[in-house]
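Asks: Please see the structure below; I have some questions.
Since every read-out is calculated from the coordinates, none of them should be taken as a lab result. Since we're looking at a predicted model, the values are computed, not measured. Neighbour counts run over all protein chains shown; Cβ positions are idealised from the backbone, glycine included.
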Amino acid sequence: MEKILEPIKKNLTMLEVPSFVDGVGGGLKIGMVNFEGDQDLSQWRKHGETIPVHFDRVPEALKWQDLFPEWIDEEEESEVPKCPEFPMPNFDKYPNMDLIVAKLPCKYPINGWSRDVFRLQVHLITAKMAVKNGKKKKKKIKVVFTSKCRPMLELFRCNDLVKQEGDWWYYEPDVEKLEQKIGLPVGSCKLALPLWGQGNHEEFDVTKIKHTTNPKREAYATVLHSSESYVCGAITLAQSLLKSGTNRDLILLLDDSISEPKRHALELAGWRLRFIKRIRNPRAQKHTYNEYNYSKFRLWQLTDYEKVIFIDADIIVLKNLDHLFHFPQLTATGNDVWLFNSGIMIIEPSNCTFKVLMDKRDEIISYNGGDQGYLNEVFVWWHRLPRRVNFLKNFWSNTTAETKMKNQLFAAEPPKLYSIHYLGLKPWLCYRDYDCNWNREDHHIFASDVAHRRWWKFHDAMDEKLQRFCGLTKKRKAQLDADRKKAKEIGLKDKHWKINIKDPRRKYLMK
Ligand code: UDP
Ligand code: MN
């Protein structure tokens, strides 16, 4: 026996202790997660008892897309979607821990390293251990990770990081916040809500939400940068939020591209203005539409708020969204594959997170060159809201049956959708008479006259003083006429180009 053991012992690598642990004290009970007996823990034993935490590794066959499926059935009453289970330790066997030390797998820089289910499993086990032990304790539970890559900030908040030293990361997590997150479904294979109860898929079941929120420190926000072309969108958004009955602050981040009269109108519409310096996407080409789309990162600097619901300026809200402040960063609706849509996001402002976003600008490649692609690389674990919260104009296809379903949703009064997201060409940049996405064949997926009319109906109910900011510019009018002409020449089958334009805005052009 002795002879066999001897060589193995020699192979043990010493697990060093980061210097900050000295300050943590001795006599500790230390839960060790994912150290499989190949390491010499004698250095750690100086600080207390090291207790290996046993668990079964998640099956190899389980893939990220099983946790973040592109599509889940939100409407069927018969079947609640099922999520795969993660094997967990028997937590009762590990009571009274003071410190949890975990080794996180990190396949960086291999492509796709961040969407690794085993890595998520170790995070979740550590988080659950921290919550179970941290809740009972008067002293803060401590978590130390060893990992080449930063632990997932979706679970271990940037602000809870106390110290970092080489590959060591030391956290004192906010147990209540962590508890909420691990109480939500793992991934987005289920809605993050008991809101859409069975047989009750028309409304959020608000009664099931524990209101732990602090309305004074919550705000809705949007952003305007680089040009004035979304000013009308931001005005209608503010007005729609006010109409939804919210009492939260409405914060507009804007840069110097917005002129004084427009700023005034935006304030009149309901926004509180905050001036920002726009943020360049270092990978974008100069003078392209996405050159400054990283300006959204400034949302994380709104640290006088604990939670912010960000909403794109091309969205109108039809029903109150206040209960969404309950959800943690990052909560959103699905877009495609395992990605969320960044048009509506619940985020938690933090200078620390802002810095992470800024620091990774050169490293991270956004799949679509936009903020959405970027944010999806930073927040790979997100919580799914029903698609009706941020109803993308191009959800479902434009087949007859699906168009009929969509049209019923777009037009419903009282509204069934919580918001409509006007992807593609924006309604205020079209003539009122029809959705100008029809003018371009590659935009037909976005075209919907019913959604278009819904927007104009909202517009017409606004104060005339505000409507004035939804006019056409000379340049835009020329572009629209050129698009129509082209559609006619090609003879696009939808024949929208035949419609006689009556839009009075043609006569009163804006600057
Ligand atoms: N935006 C802006 N100026 C621009 C482009 C975009 O202020 O030149 C802001 C605006 O709030 C907009 C958001 O960035 O809603 C995202 O862009 P957009 O909605 O056009 O993207 P889409 O949702 O169509 O992909
Ligand atoms: Mn948008």
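Asks: Which net charge results for the neighbourhood of residue 304, defined as the other residues with beta-carbon distances under 15 angstrom from its beta-carbon, given Lys and Arg at +1 and Asp and Glu at -1?
Replies: Values: positive: 216, 217, 248, 272, 274, 298, 307; negative: 218, 249, 306, 348.
In short, +3.
Asks: What are the ³J(HN,Hα) values, in whole Hz, obtained from phi via the Karplus relation 6.51 cos²θ - 1.76 cosθ + 1.60 with θ = phi - 60°, for each residue of segment 248-257 in sequence order, with x given for Gly and Pro?
Replies: Listing the rounded values in order: 6, 5, 10, 10, 10, 8, 9, 10, 6, 7 Hz.
Asks: If you average the sequence gap of Cα pairs under 8 Å that are 6 or more apart and divide by the length of segment 414-511, what percent do you get for the contact order? Could you put the intermediate results ahead of the total?
Replies: Values: 86 pairs, mean separation 32.5, N = 98.
Contact order relative to length: 33 percent.
Asks: Right, something else. I want the local charge near residue 411. Using Cβ-Cβ distances under 12 Å, sum +1 for each Lys or Arg and -1 for each Asp or Glu among the other residues.
Replies: Details: positive: 404, 406, 416, 453, 454, 457; negative: 413, 449.
Taking every Cβ under 12 Å from that of residue 411, the sum is +4.
Asks: If you add up the charges near residue 244, with Lys and Arg at +1 and Asp and Glu at -1, over every other residue whose beta carbon is less than 11 angstrom from its beta carbon, what do you get? It would help to have the intermediate numbers written out before the result.
Replies: Numbers: positive: 243, 248, 319; negative: 322.
Net charge in that neighbourhood comes out at +2.
Asks: While we're on this one: Taking the Cα atoms of segment 229-387, report the difference between the largest and smallest coordinate on each principal axis, in whole Å and largest first.
Replies: Its Cα atoms span 40, 35, 28 Å along the three principal axes.
Asks: Which three extents, in angstrom, do the Cα atoms of segment 302-343 have along their principal axes, listed largest first?
Replies: 33, 23, 18
Asks: While we're looking at this one, here's another question. Would you kindly compute the Cα radius of gyration of segment 435-474 and its largest Cα-Cα separation (Dmax), both in Å?
Replies: Considering segment 435-474 through its Cα atoms, Rg and Dmax are 12.4, 35 Å.
Asks: Using just the helices of the chain, give the 222 nm mean residue ellipticity in deg cm²/dmol: DSSP H runs with n ≥ 4 each add -39,500 (n - 2.57), and the total is spread over all residues, rounded to 500.
Replies: Working: 13 runs with 130 residues, N = 511.
About -7500 deg cm²/dmol.
Asks: Might you report the magnitude of the Cβ-based charge dipole of segment 230-271 about its Cα centre, with Lys and Arg at +1 and Asp and Glu at -1, to the nearest 20 debye?
Replies: On the way: 4 positive and 5 negative charges, 48 e Å.
The dipole magnitude comes to about 220 debye.
Asks: By the gyration tensor of its Cα atoms, with a ≥ b ≥ c the square roots of the eigenvalues, what is the shape of segment 50-131: rounded for a/c under 1.5, prolate for a/b over b/c, or oblate? Write out the running numbers ahead of the final one.
Replies: Working: a/c = 2.73, a/b = 1.45, b/c = 1.88.
It is oblate, given that a/c is not under 1.5 and a/b is not larger than b/c.
Asks: By count of other Cβ within 10 Å, fewest leading, how are 380, 223, 24 ordered?
Replies: Numbers: 380 22, 223 26, 24 16.
Going from least to most buried by this count: 24, 380, 223.
Asks: Still on this structure, please answer the following. I need the P(r) histogram for the chain: all alpha carbon pairs, bin width 10 Å from 0 out to the longest distance, whole percents.
Replies: 3, 17, 26, 24, 15, 8, 4, 2, 0, 0
Asks: On to the next question. I'd like to know how segment 331-480 sits against the 2.2 N^0.38 Å rule of thumb: what's its Cα Rg over that expected value? Kindly include the intermediate steps, with their values, before the conclusion.
Replies: Details: Rg = 17.7 Å, N = 150, 2.2 N^0.38 = 14.8 Å.
Relative to the 2.2 N^0.38 Å estimate, segment 331-480 comes out at 1.20.
Asks: In the structure displayed, which of 485/507; 404/465; 163/277; 140/190; 148/177 lie more than 27 Å apart, Cα to Cα?
Replies: On the way: 485/507 19 Å; 404/465 35 Å; 163/277 30 Å; 140/190 32 Å; 148/177 25 Å.
Beyond 27 Å between Cα atoms: 404/465; 163/277; 140/190.
Asks: When N counts the residues of segment 289-379, how does its alpha-carbon radius of gyration compare numerically with 2.2 N^0.38 Å, as a ratio? Walk me through the intermediate numbers first.
Replies: Working: Rg = 13.0 Å, N = 91, 2.2 N^0.38 = 12.2 Å.
Normalised Cα radius of gyration, segment 289-379: 1.07.
Asks: Where does segment 378-437 land on the Kirkwood hydrodynamic radius, alpha-carbon pairs, in angstrom? Could the numbers behind the result be given before it?
Replies: Values: mean 1/r = 0.0753 Å⁻¹.
By the Kirkwood definition, the hydrodynamic radius is 13.3 Å.
Asks: So, in nm, how far is label residue 468 from label residue 411 when the simple model puts each one 7 Å beyond its Cα toward the Cβ?
Replies: In this crude label model, residue 468 to residue 411 measures out at 3.4 nm.
Asks: Ranked highest first by the average count of other Cβ atoms within 10 Å around their residues, in what order do 63-71, 306-314 fall? Walk me through the numbers on the way to the answer.
Replies: Values: 63-71: 15.7, 306-314: 22.6.
Packing order, densest peptide first, comes out as 306-314, 63-71.
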